[in-house]
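Take a look at the structure set out below.
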Amino acid sequence: MPINGQTEITSQAMRTLQKLPASGDEREALRVNGQFWTPNWLAKAMAGWVIQHQPSVLFDPAVGPGTFFAAARELGFKGELHGYELNPETFTEGWKLGLEPKDFQHVQIADFIGSAALKKFPAIVSNPPYIRHHRLTENRKLELKELAQSHLGFSLDGRIGLHIFFLLRCLAKLQPAGRLAFLLPADVCEGVSSSAFWNRICEQYRLEAVMTFARESSPFPTVDTNAMVFLFTMETPQKEFLWLRVFERSSEAISAALVAGRSSDAVNVCRRKLSEAIKTGLSRPSRVQTSFGTPLSYFAKVVRGIATGSNEFFFLTLDQLRAHNLPERYFRRAVGRTRDCPGDRLTMTDLDRLETAGRPTWLLNLADETGQTLPVQLQSYLELGRRAGLPELSLIKSRRPWYKMEKRTPPPSFSPILAAGIAGLF
C-alpha cells in the first residue's frame, strides 16, 4: 500500500480530477472522444475484482489518465500495467493520482480497435470510450461490422456505439481463467441486437456478475446515461450469475458483496438465471410473470424523442438564436434530457428556468421548406451546417431535405423514461 498519506491524496485527486462541463465546446469535446473518467470508488471495485488473484499484468484498452492503474496501485497491485491510449497528454493528469512515468511505459499510443496485437492478458479492466454511432465515420463502421461478424458470427445493428466493440475485443484478449471488468451504458441491454448479442457472448464466456446503480449511487450523476458493470471470466459458461443493485458509493461494500454473494444496506445481491435476465433485460430486476393485469399500451404509447442527428446544431439556446438572428417562429420549445423534467409537470416557467441555466430549449422545426423560401438569416445558418458536413452524417443524410425534422404531436402528459432524443414539445 502507498505510504506517507499517498492513499488519501490519491483518493482526493480521483474525486476532483475531472469536472464535467455542463455544455459548450468543452462538453462537446468529451462527447467526441467519449472521455468520461471512472470515479475512484468504482475504479477500486472493478480493479480489485480483476486483480483478486494477483495476476502478473493488468490491461486497460483506454487508459486515459490511468484511473484504473492508480486504483490497482492503491490496492497494492505490484504487477505490470499495460494498455492503449490515443491521447497521451492525459497521462499528465495521472501524476495527480499518484502514478509515475514508469507506470505508463507499457502503454501503446495507438488505436486498440485497429491494433493487430495478439497478446492476451490475465486481467482486463475498462471504461471504454462512449462514442455513439452517429459520430463514427463510414470506414470505421465498416471495420466494426467486420469485427462483429468475426467475433459473433453475425452483424450488429448499425446504431451500436463503439463501446460494444471494445467489449468484443477485450473478451477476445482474455487468457484462460482471466478476468474482465467492463463498464457500459444500460442501453446495451435494449435494442434490436441485444438478446442475440448477450446470448452469444454468454455462450462463449462466463458472466459472473452484473452491477446496476440506484440514482443516489450513480457513477456519472451529470451524464444522461445509466452505467452498468459487467464481470466476465474466461471459464466454462454457467446458467446463473450475481445481479447487484448498488445503493452506496462504496468500493468496500461492492467487493464484499461480490465475494460473499450476500446483500447489505449498501448493495442488494440476488442470483438470477441467465435466460430469464437476458429476456427481461440485464439492466432490469427480475420480473415475476403473471397472467393478469392491464397492459400499459391500454393507457399510453411509448415513442422515442426526436433524433436530430446533431443536437449542437438543431437544438439551441435563446442566446444562440439571437447570435445568429434566427426567427423564433421556425423553432419549437422542447426539453432534451430527463434531468430537465425534475417534477411531475412541465410548464413554460420550467422552460424559462432551463433557459436561464443555459440549457437549450429551442428546436429547429423545418419540414419541406426549400432554402429559397426561408429568411436569409436562416439560409445562412443552414449553410454553416452544410459546410460542417452535417448532410453526410449517418442519420441526417437519410432526410430529404437534410434539415427536415421529425414530427411529434405534443402529448397532454409524458414520462421521460429514457434519455433518447428531444422530448416534451410545446
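A short reminder: the numbers here are calculations on the coordinates, not readings from a lab. None of the values given here were measured: they were computed from a predicted structure. Reconstructed Cβ throughout: ideal geometry from the backbone, glycine too, with neighbour counts over all protein chains shown.
With a cut-off of 13 Å between beta carbons, the residues surrounding residue 342 carry a summed charge of +3, where Lys and Arg count +1 and Asp and Glu -1.
FRET efficiency for the pair residue 271 and residue 214, taken as 1/(1 + (r/R0)^6) with r the Cβ-Cβ distance and R0 = 25 Å, rounds to 0.80. For region 297-426, the normalised intensity computed at q = 0.13, 0.19 Å⁻¹ comes to -0.56, -1.13 (log10 of I(q)/I(0), Debye sum over alpha carbons, equal scatterers, no solvent).
Modelled spin-label separation between residue 109 and residue 279, with each label point placed 7 Å from Cα along the Cα-to-Cβ direction: 5.2 nm. Note on residue 383 and residue 86: with the Förster distance fixed at 25 Å, the Cβ-Cβ geometry gives a FRET efficiency of about 0.20.
Modelled spin labels at residue 225 and residue 145, positioned 7 Å past Cα toward Cβ, are 2.3 nm from each other.
Label positions at residue 262 and residue 235, each projected 7 Å from the Cα along the C-beta direction, are separated by 2.0 nm. Extension gain, residue 347 to residue 154: 0.36 nm times the residue separation minus the Cα-Cα distance gives 64.8 nm. Could you tell me the center-to-center distance, by alpha carbons, between region 191-244 and region 319-350 in angstrom? After rounding, the separation between the Cα centres reads 35 Å.
Between residue 248 and residue 78, how high is the FRET efficiency from 1/(1 + (r/R0)^6) when r is the Cβ-Cβ distance and R₀ = 25 Å? Nearest 0.05. Using R0 = 25 Å, I get an efficiency of 0.30. Taking the centroid of alpha carbons for each part, region 256-311 and region 150-176 are 23 Å apart. With 0.36 nm allotted per residue and the present C-alpha distance subtracted, the residue 195-residue 294 stretch has 33.1 nm of extension available. Taking each of 145/239; 78/102; 119/173; 44/239; 141/397 in turn, the alpha-carbon distance tops 18 angstrom for 145/239; 44/239.
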